[in-house]
Amino acid sequence: MEIVWRNVFLMGSLHLVSIYGFYLVFFAAQWKTVLAAYIFYTISGIGVTAGSHRLWSHRSYKAKLPYRIMLMIFQTMAFQNDIFDWARDHRMHHKFSETTADPHDATRGFFFSHVGWLLVRKHPDVRNKGKAIDLSDVLADPVVRFQRRYYLPLMVSICFILPALLPWWLWGETLWNSFVVCSLTRYCFTLNMTWLVNSAAHIWGNRPYDRHISPR
């Protein structure tokens, strides 16, 4: 495995700052700021679960344009790559679950399936077999195309700037507390809650429908 040291540094720094963020949650930030961070966390989670997961990856339901725009904004706040990349990785995960073509193969251990897969170069099987995944239905959505085209400014604005500015502007929280608690710590917590589905749920989860399969 080839380690991507930039990702190691960024993820490591994010988690270290978030430890300090939890100190601010309990001892420095206003209760309204903590509540705002929880609301941003919930919004981010809805963007991932109802948006990039159930709607765009699995096509579990249909949604009108205003709702898709809202989910796109929520999903952007989660900053887990754009909808197209998220759907591609998730469809790969289902098609090649717990093989070398699974982006977060749980057979490689808890750490790899939790966060390690983001710290190394993708396995050649992930890159090669990923080219055969049909994502035409995802790209057919103009909301997805818009997000993909403007992802960087959208992500920076919605995931980091907006959550930091609102508590500072609305009730006078310090900009530092707002940024660390509502932007960085909230983002880190959202990431780990999502990753637990790939790691803990796959390794220790139940198999109520077919006990003979490896994925849980």
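The values are calculated or read from the model by the stated rules, or taken from the named source; none is laboratory data. Small disclaimer: the values here were computed from a predicted structure and weren't measured. Backbone-built Cβ (ideal geometry, glycine too); neighbour counts: all protein chains shown.
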Qualifying residue in segment 83-93 (condition: within 23 Å of residue 43 (Cα to Cα), without any contact (Cβ under 8 Å) to a residue 40 or more places away in the chain, of a type in the set (A, V, I, L, M, F, W, C) and out of contact with any Lys or Arg (no Cβ under 6 Å at 6 or more places or on another chain)): yes
Qualifying positions in segment 155-182 - under 17 Å from residue 25 (Cβ atoms), in contact with a Lys or Arg (Cβ under 9 Å, 6 or more places away or on another chain) and surrounded by fewer than 21 Cβ atoms within 10 Å (Cβ to Cβ): 171
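For every residue, the table says whether it meets (1) surrounded by fewer than 18 Cβ atoms within 10 Å (Cβ to Cβ); (2) within 14 Å of the chain's Cα centre (by Cα); (3) assigned to a helix (DSSP H, G or I).
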{"site": "15", "(1), (2), (3)": "yes, no, yes"}
{"site": "29", "(1), (2), (3)": "no, no, no"}
{"site": "38", "(1), (2), (3)": "yes, no, yes"}
{"site": "48", "(1), (2), (3)": "no, yes, yes"}
{"site": "61", "(1), (2), (3)": "yes, no, no"}
{"site": "73", "(1), (2), (3)": "yes, yes, yes"}
{"site": "76", "(1), (2), (3)": "no, yes, yes"}
Members of segment 176-210 that are assigned to a loop (DSSP other than H, G, I, E, B) and modelled with pLDDT of 55 or more: 199, 206
Hits in segment 91-102 - residues which are surrounded by fewer than 20 Cβ atoms within 10 Å (Cβ to Cβ) and not basic (Lys, Arg): 94, 96, 97, 98, 99, 100
Whichever residue in segment 99-133 is charged (D, E, K, R) and in contact (Cβ under 8 Å) with a residue 24 or more places away in the chain and, among such residues, is nearest to residue 4 (Cα to Cα): 121
Residue in segment 128-149 that is more than 29 Å from residue 59 (Cα to Cα) and either aliphatic (A, V, I, L, M) or at pLDDT below 95 (or both) present: no
Lone unmet requirement of (1) farther than 22 Å from residue 83 by Cα; (2) β-branched (Val, Ile, Thr); (3) surrounded by fewer than 15 Cβ atoms within 10 Å (Cβ to Cβ) for residue 33: (3)
Lone unmet requirement of (1) touching a Cys at 6+ places or on another chain (Cβ under 8 Å); (2) within 23 Å of residue 172 (Cα to Cα); (3) not basic (Lys, Arg) for residue 26: (1)
Filter result for the condition that a residue is free of Cβ contacts under 8 Å to residues at least 40 places away in the same chain and under 20 Å from residue 167 (Cβ atoms), over 76, 42: 42
